[in-house]
Amino acid sequence: MKAKSIQGKSTEAIKTALENTMADGFKPTLAIAFVSISQDRTAISKLLDTEGIAIFGCTTNGEFIDEKPEKDSAAILLLDMKKEHFEIYFEEYPEKNFREVANSIAKKSKLRFAKPAFLIGTSDPACDGEEILHGLEDVIGKQATIFGGAAGDDYAFTETFVFSNAKDSKCGLVCIALDETKIDILGVSTCGWKAVGTEKTVTKSEGNHVFSIDNIPALDITAKYGGLENITPENTDLLVEIASNFPLQLQREKGDPIMRPGLVVDWSDHSFYTGGTVPQGSKVRFSLPPDFDVIDKVVKEVEKLKETKMSEADAVVVFSCAGRILTLGPLMSKELDGVKNVWNAPMAGMFSNGEFGRATGGNIELHNLTTCTVALKEK
């Protein structure tokens, strides 16, 4: 499988890059498109659709094809994967029936492939990503290979979108089902945020809607321990500060803790929605951003993946949390450069609102503040 990555800050720039990329006879069949909400994703989709290219698309909080993070651009990974080796699925969940929708896609993919693997993108900051995973696992099983990310909107945390050929939704799931007997897909997820303070109890929650912690409204206790000020709807920087600098860590009996930052606030009762389920009665701790050595940790984990499981890759896809670049700043380039150099294969990535991948404890889960690196190779 051949792959190429292109990037541009206008539809015309993408058109030119696409034409130049295909000038040598390269005929991509699949595009993994990470597009800023400021770009005309409809026009970009039409360009790809006209060339007969299937589209997996997400809006972002930033995008990249190499070590340089960009914003207000479109970053697209083009692959000439055999059409019989993949299928694109696109469904909406306006009723918040996340598990049911994912379950339906899994059943369709199971009819198409004996052993399907998945790259997924979700929209709506209040989406419960773990319910999406459960819906896929209900059909495929716990051993399912699933990676992906939650779409962004340049840190507005209001309306995010997934898109495909002539399809676009602010409350939907886009999915590439891959024939895992024909396509190797492996990945690794690395975080680094450190827990602080004592354990606290989630005293009221429903799914990913956290109402209170230690009987205090979720937003209020977060503001108290984080020293946050100006806790009002008018403070447009509040959610970014909560998500990147003082997120919750969901403690577990087995495996590493899972990050659960607040992404959407319900101002009527100062509760908030997280990217994944936070069970009532569960234990949480607040956390602080990592030291800069987390960059080396990410690169070493990817190098280990190459050394032990996939010596070569045709393409690399990266889902990195938006909170990481806010915390690491210019040093984010060092992390991306390190990841790129492991396989030296064409790469595209996005800064996301959440990341899907297999955790250290062995389970596939919805992460936050994590870098999820995915390598693809056609057998």
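We did not get these values from a lab; they are worked out from the coordinates using the rules stated. Keep in mind it's a predicted model, so treat the numbers as computed, not measured. Cβ placement follows ideal geometry from the backbone for every residue including glycine, while neighbour counts extend to all protein chains displayed.
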*For n ≥ 4 DSSP H runs only, could you compute -39500 (n - 2.57) per run for the chain, divide by its residues and tell me the 222 nm figure to the nearest 500?*
-8000 deg cm²/dmol
*How far apart, in nm, are the 7 Å Cα→Cβ label points at Ala156 and Lys182?*
3.9 nm
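What number comes out for the charge environment of Pro94, summing +1 per Lys or Arg and -1 per Asp or Glu over other residues with Cβ under 10 Å away?
Working: positive: Lys96, Lys170; negative: Glu92, Glu95, Asp124.
Local charge sum for Pro94: -1.
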*Between the range 208-258 and the range 298-321, the alpha-carbon center distance in angstrom*: 31 Å
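Could you tell me the calculated FRET efficiency between His134 and Thr16, based on Cβ-Cβ distance and R0 = 35 angstrom, to the nearest 0.05? Let's see the in-between values first.
On the way: r = 43 Å, r/R0 = 1.23.
Result of the calculation: an efficiency of 0.25.
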*If you take the charge dipole of the chain about its Cα centre, with +1 on Lys and Arg Cβ and -1 on Asp and Glu Cβ, which of Gly149, Val264, Ser287 is farthest toward its positive end?*
Gly149
_Placing unit charges on C-beta atoms (Lys and Arg positive, Asp and Glu negative, everything else neutral), compute the dipole magnitude of the range 154-275 about its Cα centre in debye, rounded to 20._
320 debye
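If you rank Ser169, Ser104 by fewest surrounding Cβ atoms within 10 Å, what's the result? Don't jump to the answer; show the numbers that get you there.
Working: Ser169 21, Ser104 16.
Exposure proxy ranking, most exposed first: Ser104, Ser169.
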*Using modelled backbone amide H atoms (1.01 Å from N, in-plane), which distant-in-sequence or interchain residues come within less than 5 Å of His367's amide H?*
Glu355, Phe356, Gly357
*For the range 212-290, build the charge dipole from Cβ charges (+1 Lys, Arg; -1 Asp, Glu) around the Cα centre, then report which of Gln249, Asn215, Asn230 sits farthest towards its positive end.*
Gln249
*Can you give the extra length, in nm with one decimal, that the chain gains between Asp256 and Lys142 once fully stretched, where that is 0.36 nm per residue apart less the Cα-Cα distance?*
39.3 nm
